[in-house]
1. What is the spin-label model distance, in nm, from A:Ser145 to A:Asp166 if the labels are put 7 Å beyond Cα along the C-beta direction?
2. Enter the mean number of other protein chain beta carbons within 10 Å of the beta carbon of each residue in B:8-16, as an integer.
3. Quantify how strongly other chains surround peptide B:103-113 by giving the mean number of their Cβ atoms within 10 Å of each of its Cβ atoms.
4. Near B:Tyr129, within a Cβ-to-Cβ distance under 9 Å, what is the net charge of the other residues, with Lys and Arg +1 and Asp and Glu -1?
5. Provide the packing ranking of A:35-47, A:129-141, B:116-128, i.e. peptides ordered by the mean count of other C-beta atoms within 10 Å per residue, highest first.
6. How charged is the neighbourhood of B:Arg155? Take every other residue with its Cβ under 13 Å from the Cβ of B:Arg155, and add Lys/Arg as +1 and Asp/Glu as -1.
7. Counting other beta carbons within 10 Å of each residue's own, what order do A:Lys252, B:Lys4 fall into, fewest first?
8. Round to a whole angstrom and tell me the spacing of the C-alpha centers of segment A:1-74 and segment A:164-178.
Amino acid sequence: MTRRDFSERDIHMALDGELPGEERMAYEAWLEANPEMKAKSARYIADRTAMRAALAGVMDEPVPARLRQALFGQAPAKAPAWRSRWWLSAAAAVVLAVGGLGGYVAGIDSTSRGGEGDDQLAEQAIAAHVIYAAEKRHAVEVPASDKDHLQTWLSNRVGLKLVAPDLAAQGFQLVGGRLLPAGEQGKAAMLLYEDAKGERISLFVTAESAATSKGTYTAEGGGPEAVYWLDKGYACAVVGSLPPERLSDVAKSAYGQLLAGISS
Amino acid sequence: MDDKKAAILSEIPRLRRYARSLLRDRDSADDLVQDCLERALVRLDNWQTGESPRRWLFTIMHHLFIDQMRKVNRRGEAAMLPLEAGEAQAAPADQVETIASREIMDALQAISPDRRAALVMVAIEGFSYAEAANILGVPAGTLMSRIARGREELRGLLDDSSRRRSIRIVEK
């Protein structure tokens, strides 16, 4: 039997069927003698199994008609412009990864306080605002230019019929929105707005509320203020660092429009 | 001619799977496959009859993918504005994914395109190192290091996401 030193490289070769058959036994013996390498091998195998499982369904899907047509010549000769944009989703993965991390940080901030009811909602809304409103490029997951999709998507996730309020009269334009965790299991929609000077406010809406109340809240030590309402079945907070009167004005308008949307 | 098309047709499920692993979003992946099929039809004469069209088609698709990735990189950050994030989010409602599937697909998208292609080509599509190196147009040593680094990167990302999940923070 051939005798040689194995290395991590051989784990990949063994996994990919590239290890010569006559080395297989010696390799297995080496794995047994090196628990760390054995664990690594097992982990790679598990990841591969998961990857295969995640993609297995694709093979069973029927071939889409448009691909069949492309092959058998009934497709338009010129590719439609939108189609050459498939690669954008790859670029978007980078953005999503950043968004995920942001949510992680926001989550830690909001759950570690452990407040109750109203305060908890307000704290979560403020934590989200502090993190995302400060982001120039990654503030939102879906931009205002895709407003219809934004509203549908967030409505489906949050479980409320959401309409992004028009706050132009108060000087604010919609930037976009994102989905966030809320409470123990829930989800919240965050809508971000900006005025001509770049001042940002956010709306935080969730379907996680059994109580009815309203009020304003500022974290100990200052920072942005939240104006919130809890109604049966949903809760809303408007967060920003505006003069109280202006924030209250924005909040009233936003609340009225959200309410009209939810009950429409 | 029709024999060739029939042979190509039977490769579509694999091409779709590979595209899905590269791009995740179903429509985007099918767009890539469609681009690949259209280019293949123009170059039908380059394919020797009697040979499996698989490697030929994968090579075409890989070139399309890598060309676009390079363009994205050249455009730099402009292509990474949140505008595109919304498009990637718009997965069809019928795509039911388990948490495990979603995590692994997310992680796969987060590793570099070169490593992703190399890893998937071998681990999912079952090409040998020699075949994959040929399709990707890189030396075998480069392929192997991409696979090794890809697996390691994937593992790190999955560890991160399970850590996040364990404290129930991120909801997607």
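1. Those two pseudo-labels are separated by 2.2 nm.
2. The mean count of partner-chain Cβ atoms within 10 Å per residue comes to 4.
3. 4
4. Neighbour charge sum, excluding B:Tyr129 itself: -3.
5. Going from most to least packed, we get B:116-128, A:129-141, A:35-47.
6. Residues close to B:Arg155 contribute a combined charge of 0.
7. Ordered from fewest to most neighbouring Cβ atoms within 10 Å, A:Lys252, B:Lys4 come out as A:Lys252, B:Lys4.
8. 50
None of the figures in this text is laboratory data; all of them are computed from the coordinates on show. This is a predicted model, so every value here is computed, not measured. Using ideal geometry, Cβ is built from the backbone for each residue, glycine included, and neighbour counts are taken over all protein chains shown.
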